[in-house]
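> My structure is below; once you've seen it, I'll send some questions.
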Amino acid sequence: MSKSKGLLIDLTKCVGCRECERACAAANGLPEPREEAKDLSATRYTVVKSYNDDQVFVRRLCMHCNQPTCVSACLVGAFKKTETGAVLYDESKCIGCRYCMQACPFEVPRYEWGSLTPRIQKCRMCYERVAAGGQTACAEACQFGATTFGDRDDLIKEARKRIDENPGQYVDYIYGLTEAGGASVMYISAIPFEKLGFPMNLPKEPISELSWRVLSQIPKYTFAAGVMLFGVHWITARRTEVAR
């Protein structure tokens, strides 16, 4: 069985050249990115955002969660987690409810609002390329080592090695390792992630499991509520009868 793949993004090495954006657009048949984008869109699967007066660059894309909330939220199975680690979307199943957009803890999926046949759009982690034994277009295009593609387990070891060997260069944290149950895309940085727009209030376990834990209790509480209401009704009826 093949190991799940992933991406390690080292923010200390990113120079903001945006070659990853251009490679992503070419690989996915998207319009060539000519201007700097402020955020992800239906035609931008990845964007490089600048912080600290263009001293730090952060690439955003789908995190490809280990247990994706978009998969559990989708009513018709339009999303699935694949063996390569990529989370894919099947437009033929989509009913346009956009629950995936509401459920994603990283606010990634984008909707084609201007289309007559709108779809959800997001990074596919170059599924076909990876399944054929290649690497993602963004990792292949990165000349500075900011984006590394490989087996997720190996990437975790590499991230840990870089942090341990350069304690003054990195924050002692791998973002994406445990957030919302972990993801196939992980980051290391010299600047605390909360200062770079990363959500830091996410649980360490999959959000889908937290939701199921709550939902699984509903039948029990519904039964208890029913018993209580029946009791109130009986007492009220009894009092009315005695009064008569």
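The values are calculated or read from the model by the stated rules, or taken from the named source; none is laboratory data. Predicted model, so just to flag it, every value in this text is computed and none were measured. Methodologically, a virtual Cβ is constructed for each residue, glycine included, from the backbone with ideal geometry; neighbour enumeration extends over all protein chains shown. Areas reflect the complete protein model, heavy atoms only, side chains present, ligands, DNA and RNA absent. Shrake-Rupley method; radii C 1.70, N 1.55, O 1.52, S 1.80 Å.
> So how do 30-37, 158-165 stack up, highest first, on mean other-Cβ count within 10 Å?
Going from most to least packed, we get 158-165, 30-37.
> In what order, largest first, do Asp10, Asp153 sit by accessible area if the probe radius is 1.4 Å?
Of Asp10, Asp153, the descending order of accessible area is Asp153, Asp10.
> Could you check the spin-label model distance between Ile95 and Lys157? Points 7 Å from the Cα along Cα→Cβ, value in nm.
4.6
> Same structure again: How much length would be gained if the chain were fully extended between Val76 and Asp53, taking 0.36 nm per residue of separation minus their Cα-Cα distance, in nm to one decimal?
Extra length from Val76 to Asp53 when fully extended: 3.9 nm.
> Within the set Lys38/Lys93; Lys38/Lys157; Lys3/Lys93; Lys81/Lys157; Lys49/Lys195, which residue pairs have Cα atoms separated by over 20 Å?
Lys38/Lys93; Lys38/Lys157; Lys3/Lys93; Lys81/Lys157
> Right, another one. Calculate the length of the line joining the C-alpha centroid of region 55-80 to that of region 144-198, in whole Å.
Centre-to-centre distance over Cα atoms comes out at 18 Å.
> Okay, next question. Which of the peptides 133-139, 72-78, 91-97, 115-121 is most tightly packed, and how do the rest follow, going by the mean number of other Cβ atoms within 10 Å of each residue?
Answer by packing, highest mean first, reads 133-139, 72-78, 115-121, 91-97.
> Moving on. In straight Cα distance, which aspartates and glutamates are under 13 Å from Lys161, not counting same-chain residues fewer than 8 positions off?
Reachable aspartates and glutamates: Asp10, Asp153, Asp172.
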